[in-house]
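Have a look at the structure below, then the notes.
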Amino acid sequence: MNFFKKCYCRLFQTMFRLMLPFMPYREPTILNSYDDVVKLFEDNKIERVLLVTDEGISKLGLAKTLEQTLQKNNIKCEIYDKTVPNPTIDNIEEALKQYKKSNCQAIIAFGGGSSMDCAKIVGARVANPKKSVEQMKGLLKVHGKMPLLVAVPTTAGTGSETTLAAVIVNTKTKDKYAINAFPLIPRYALLDENLTLNLPPHITSTTGMDALTHAIEAYIGKSTTPKTRKCALQASKLIFENLEVVYKNGQNKTARKNMLEAAYLAGVAFTKSYVGYVHAIAHSLGGEYGVPHGLANAVVLPYVLRAYGKSAQKKLKKMAVYCGLVDKSIDAGNAAKIFIEKIEQMNKNMGISTKIPELKKEDIPHLAKHAAKEANPLYPVPKEMNEKELVTIYAQISK
Ligand SMILES: NC(=O)c1ccc[n+]([C@@H]2O[C@H](COP(=O)([O-])OP(=O)(O)OC[C@H]3O[C@@H](n4cnc5c(N)ncnc54)[C@H](O)[C@@H]3O)[C@@H](O)[C@H]2O)c1
Ligand SMILES: [Zn+2]
């Protein structure tokens, strides 16, 4: 990237970093049981809610107990279960229709990042009826009072239950983009590891690698705070210690609980400290080919970390030391190398490929353009890269 563009990006990021303490970041209040959810709705005189989820979760009957608990307490629970992975504007509009038709007063976001993000933007549309989803794209475009939103994650990955983001696909343009705004931070979240016990191994591994990517990208970026650094380190350590355990034995409750905590902590870290080029590339692959988000991140992560070279080595060493992967005495270059190789080994152990087979060579230029546009100047990455430099990374991950 040329000198002037680099200066512009860094200036932009510095401005946001200086504004950090004055921004209305918050975390959701954690609920501990379905009875807490009932009490919350009763206290707020809520009698009808929309539960947003997806077909897979619906078929598994994961939300049944919650639905029944609400119904027993005279709270009507409407279900929208058509959310697709990489949720679309059509999903949001369809769910919004149901929300309005049934006179709902609150929303339960029940599922992985796709269901949670869909639910968040349904809430945003309720609060901003005249603004289309397209018009919410980018930073701070959602205003007004959202309906009460309770997030119940069923994957341990996105951390959407604590972030200000929702990632949406416009199927017409194949554009996958983030909507970032403070009202999107859920007011309440319920973390229940029992809901994740039957998550299939491949979804367990890829969503877990998404959480690891959040933690790493937040930590090595240039807009961290003591809290986001601490959360990112704790999240990474938990993931290194628990992800392969739950991949092999999904029924291990303690490890599942640790993974839910890790995903939450990584969410706390990146909602303030941003992500980086791994996510920008992953979003382009999700929009163009529907590659699942966690899988795309898992594949792309080692390539981007290598491309950062020296600029990320010191921080990667700190992570490696904290996670017990290397000794303090080792030099930063070697520590970073071991850290990246550990990620590759984990991917391999969990059957995650080193390439994205869907990626077509002729699509690389426009995908790189999309990724560069998403990341620059917003993401405070360790090393600024332009479209051309990103093309090199795409070339490495194509078959
Ligand atoms: N808002 C944010 O801060 C944020 C952060 C990262 C990613 N995202 C977005 O989140 C989406 C990805 O979310 P995800 O990775 O959680 O996956 P997902 O929500 O797309 O779910 C993936 C699959 O897992 C199934 N599933 C979910 N929970 C299950 C369970 N407990 N048991 C069995 N099957 C289950 C679903 O039915 C679905 O088929 C992407 O669109 C991504 O861009 C958002
Ligand atoms: Zn992610």
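The values are calculated or read from the model by the stated rules, or taken from the named source; none is laboratory data. Please read all numbers here as calculations on a predicted model, not as lab measurements. Virtual Cβ from ideal backbone geometry, glycine too; neighbours counted across all protein chains shown. For the accessible areas, the whole protein counts, side chains as well, though only heavy atoms, and no ligand, DNA or RNA atoms are used. Shrake-Rupley method; radii C 1.70, N 1.55, O 1.52, S 1.80 Å.
Take the Cα pairs of the stretch 358-399, get the Kirkwood Rh, then feed it into Stokes-Einstein at 4 °C and 1.567 mPa s and tell me D in µm²/s. So the translational diffusion coefficient is about 123 µm²/s.
Counting only Cα atoms, I'd like the Rg/Rh figure for the stretch 336-385, Kirkwood definition for Rh. It would help to have the intermediate numbers written out before the result.
Working: Rg = 14.5 Å, Rh = 13.5 Å.
Ratio of gyration radius to Kirkwood radius for the stretch 336-385: 1.08.
Restricting the calculation to alpha carbons of the stretch 181-265 gives Rg and Dmax of 13.4, 38 angstrom.
Straight-line cross-link reach from residue 59 at under 17 Å between alpha-carbon atoms covers these aspartates and glutamates, not counting any fewer than eight positions away in the same chain: 67, 78, 81. Note: the stretch 134-287, Cα convex hull, 116 Å³ per residue. For the stretch 71-206, taking the reciprocal of the average inverse distance between every pair of different Cα atoms yields a Kirkwood hydrodynamic radius of 15.1 Å. Note that the stretch 30-45 has calculated 3J(HN,Hα) couplings of 8, 9, 9, 7, 5, 5, 4, 5, 4, 4, 4, 5, 4, 4, 9, 6 Hz, one per residue in order, obtained from phi through the Karplus relation 6.51 cos²θ - 1.76 cosθ + 1.60 (θ = phi - 60°); glycine and proline are x.
For the stretch 270-390, the pair-distance distribution built from all alpha carbon pairs, in bins 10 Å wide starting at 0, is 13, 41, 36, 10, 1 percent.
Which listed residue (91, 273, 200) has the Cα farthest towards the positive end of the charge dipole for the chain, taking +1 on Lys and Arg C-beta and -1 on Asp and Glu C-beta about the Cα centre? Of the listed residues, the answer is 273. Of all aspartates and glutamates in the structure, those lying under 16 Å Cα to Cα from residue 6, and not within fewer than 8 positions of it along the same chain, are 374, 384, 387, 389.
With point charges of +1 on the Cβ of Lys and Arg and -1 on the Cβ of Asp and Glu, referenced to the Cα centre of the chain, which listed residue (114, 382, 258) lies farthest in the positive direction of the dipole? Value: 382. Note on the stretch 131-191: Kirkwood radius taken over Cα pairs, Stokes-Einstein applied at 25 °C and 0.890 mPa s, translational D equal to 196 µm² s⁻¹.
Here the chain carries DSSP beta bridges of which approximately 20% are antiparallel, counting only pairs with both residues inside.
Semi-axes, largest first, in whole Å: what does sqrt of 5 times each Cα gyration tensor eigenvalue give for the stretch 43-138?
Numbers: eigenvalues 95, 57, 18 Å².
After diagonalising the Cα gyration tensor, the semi-axes are 22, 17, 9 Å.
For the stretch 59-138, the Cβ-based charge dipole about the Cα centre amounts to some 220 debye (Lys, Arg positive; Asp, Glu negative; other atoms uncharged).
Which value, in debye to the nearest 20, gives the size of the charge dipole of the chain about its Cα centre, when Lys and Arg are +1 and Asp and Glu are -1 at the Cβ? Don't skip to the end; give the middle numbers.
On the way: 55 positive and 37 negative charges, 240 e Å.
In total the dipole reaches around 1160 debye.
For the stretch 1-68, the per residue solvent-accessible surface stands at 64 Å², with DNA, RNA and ligands left out and a 1.4 Å probe.
Name the longest site-free stretch of the chain, where the excluded sites are GluC sites (Glu not before Pro) in a DSSP loop with no more than 16 other beta-carbon atoms within 10 Å.
On the way: sites that count: 47, 358.
That would be 48-357.
Full extension from residue 94 to residue 366: what is 0.36 nm times the residue separation minus their Cα-Cα distance, to one decimal in nm? Please list the in-between numbers first.
Working: separation 272, 0.36 × 272 = 97.92 nm, distance 3.02 nm.
Length gained between residue 94 and residue 366: 94.9 nm.
Ignoring any ligand, DNA or RNA, what whole percent of the accessible area of the stretch 152-272 comes from carbon and sulfur when the probe is 1.4 angstrom? Spell out each step's value before the answer.
Values: 2050 of 3850 Å².
Ligands and nucleic acids excluded, carbon and sulfur give 53 percent.
A 1.4 Å probe run over the protein chains yields, for the stretch 225-381, 40 Å² of accessible area per residue, whole-number rounding.
How about the stretch 1-96: which trypsin sites (Lys or Arg not before Pro) there are in a DSSP loop, with at most 13 other Cβ atoms within 10 Å of their Cβ? It would help to have the intermediate numbers written out before the result.
Working: sites: 5, 6, 10, 17, 26, 39, 45, 48, 59, 64, 72, 76, 82; in loops: 26, 45.
Loop-located and lightly packed - 26, 45.
Remark: C-alpha extents of the chain on the principal axes read 62, 45, 42 Å, sorted largest to smallest. A full extension of the chain between residue 327 and residue 16 corresponds to an added length of 108.5 nm, given 0.36 nm per residue minus the alpha carbon distance.
Between residue 43 and residue 355, the simple spin-label model (points 7 angstrom out along Cα→Cβ) gives 5.5 nm.
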